[in-house]
Amino acid sequence: MRVAEAVLGLARRAADVDVLDLLYDLTDQVLAMLAVQGTGITIVDTRGSVRHVTASDECCRYLEEIQIELGEGPCLDSARSNSLLGPVAFGDGSPGATRWPRFAAHTRAEGVVAISAVPLRVSGTTIGALNLINTRPPVITSLDLDVAQALASAATAGFLNQHRPLDQEELVDQLREALNNRITIEQAKGVLSERFHISVDEAFALLRGHARTLRLPLKDLAIELAKGRGPSELNPAR
């Protein structure tokens, strides 16, 4: 029942929903339902360029960025091949170390034991992939991966239902705004982290919580905070 409700909730978003918030909700649902400790999203355009969009924590964000920098990793392979991947173990002599040797060194340093990835796809259109990270056993099962795929496809459908792009390139063009918003959100996280002496993960939870309470788009609140403004409860100096 929880899975069905989550799939419907992601697929049937209001027309004015913030795309970035939709993708963050996808990662929230995955963390709440599946036996993973980290999750995030990257998008890939028709030229093969990759961009990091969301991450549940700093470890996941770092590993997504390293995959992009090195040009190898499970998320990239999943997005480019439009196929479900994993769970792939990492460690000395493991499948992950053999397939992506440079990336594997970073996963071991972060204490990762396995990574899986599912494509963000619907009706033949793939816009990226969802990373699923295990930092401790047990790793996710094949059933978990099916659930992750259902959630990822629902979120993709929710976005497509709003925008109905002509092709994948147009779709990725529309997602570029979400990427620009992510940069502003990262700045706002830094502001709150320094202001309240909390971690960036805690700062992001604070940011999202207030955006929902105030019924503001996440990007709008982030812009205000990045400029040193924002509501008084987030800016005690005002």
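The values are calculated or read from the model by the stated rules, or taken from the named source; none is laboratory data. Just so you know, these numbers come straight off a predicted model, no measurement behind them. For neighbour counting, all protein chains shown are included, and Cβ atoms are generated from backbone atoms with ideal geometry for every residue, glycine included. Heads up: the accessible areas ignore ligands, DNA and RNA and are worked out on the full protein's heavy atoms, side chains in. Shrake-Rupley method; radii C 1.70, N 1.55, O 1.52, S 1.80 Å.
A cut-off under 11 angstrom between Cβ atoms defines the neighbours of residue 33, and their net charge, with Lys, Arg +1 and Asp, Glu -1, is -2.
Extension gain for the segment residue 220 to residue 183, taken as residue separation times 0.36 nm less the Cα-Cα distance, is 12.1 nm to one decimal. For residue 88, the residues whose modelled amide H falls within less than 5 Å of its own, excluding neighbours fewer than 5 places apart on the same chain, are 115, 116. Along the stretch 74-90 the Karplus relation, 6.51 cos²θ - 1.76 cosθ + 1.60 evaluated at θ = phi - 60°, assigns HN-Hα couplings of x, 5, 5, 5, 5, 5, 6, 9, 6, 9, 6, 9, x, x, 9, 6, 10 Hz to successive residues, with x for each Gly and Pro. Residue 98 exposes around 110 Å² of accessible area when a 1.4 Å probe is run over every protein chain in place.
With every protein chain in place and a 1.4 angstrom probe, the accessible-area ranking of 201, 146, largest first, reads 146, 201. What the phi angles of the stretch 219-231 give under the Karplus curve with 6.51, -1.76 and 1.60, with θ = phi - 60°, is a coupling list of 5, 5, 5, 4, 4, 4, 5, 4, 8, x, 10, x, x Hz, glycine and proline written as x.
Mind listing the phi-derived Karplus ³J(HN,Hα) values for the stretch 204-215, rounded to whole Hz, using 6.51, -1.76 and 1.60 with θ = phi - 60°, and x for any glycine or proline? Using θ = phi - 60°, the values come out as 5, 4, 5, 4, 5, x, 6, 4, 6, 4, 7, 6 Hz.
Here the stretch 73-134 exposes an accessible surface that is 50 percent carbon and sulfur, computed with a 1.4 Å probe and the other protein chains kept in place. Residue separation of residue 35 and residue 98 scaled by 0.36 nm, minus their Cα-Cα distance, works out to 20.2 nm of gained length. Projected onto the charge dipole of the stretch 181-222 (+1 at Lys/Arg Cβ, -1 at Asp/Glu Cβ, origin at the Cα centre), which of 191, 218, 203 gives the Cα projection farthest towards the positive end? Looking along the dipole axis, the top candidate is 218.
Anisotropy class assigned to the stretch 56-117 is rounded, per the alpha carbon gyration tensor with a/c under the 1.5 cut-off.
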